[in-house]
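Worksheet for the structure shown next.
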C-alpha cells in the first residue's frame, strides 16, 4: 500500500528529498505522494521529523 502524508506535515521537504523515485511534491497545505509512483520503501517516513507519512 502506498504511503500518504497526514495533516501533521510541516512542509519541511525532508520526505521529498529522501524519496528515491521522486514521487513527492509540495501541495498547498502539505507535501503529497503520488500513489501510482510510490514504491512503498518507507524512505519518506524515515526522514520525516514529525512522522507525517504513513502507510495506508
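Nothing in this text is a laboratory measurement; each read-out follows from the coordinates by a stated rule. These figures come from a predicted structure and were not determined experimentally. Glycine gets a Cβ as well: all are built from the backbone with ideal geometry, and neighbour counts include every protein chain shown.
Summed over segment 7-20, the residues that are closer than 16 Å to residue 40 by Cα and either without any contact (Cβ under 8 Å) to a residue 12 or more places away in the chain or surrounded by 12 or more Cβ atoms within 10 Å (Cβ to Cβ) (or both) give a count of 5.
In this structure, is residue 49 touching a helix residue (DSSP H, G or I) at 6+ places or on another chain (Cβ under 7 Å), free of Cβ contacts under 8 Å to residues at least 24 places away in the same chain and either assigned to a loop (DSSP other than H, G, I, E, B) or surrounded by 12 or more Cβ atoms within 10 Å (Cβ to Cβ) (or both)?
Working: touching a helix residue (DSSP H, G or I) at 6+ places or on another chain (Cβ under 7 Å): yes; free of Cβ contacts under 8 Å to residues at least 24 places away in the same chain: no; either assigned to a loop (DSSP other than H, G, I, E, B) or surrounded by 12 or more Cβ atoms within 10 Å (Cβ to Cβ) (or both): yes.
So residue 49 fails the test.
Return the residues of segment 26-46 that are in contact with a helix residue (DSSP H, G or I) (Cβ under 9 Å, 6 or more places away or on another chain) and exposed (fewer than 13 other Cβ atoms within 10 Å of the Cβ); say none if nothing qualifies.
Residues of segment 26-46 that are in contact with a helix residue (DSSP H, G or I) (Cβ under 9 Å, 6 or more places away or on another chain), as a first pass: 26, 31, 33, 38, 43-46.
If the condition is that a residue be in contact with a helix residue (DSSP H, G or I) (Cβ under 9 Å, 6 or more places away or on another chain) and exposed (fewer than 13 other Cβ atoms within 10 Å of the Cβ), then 26, 46 are the ones that fit.
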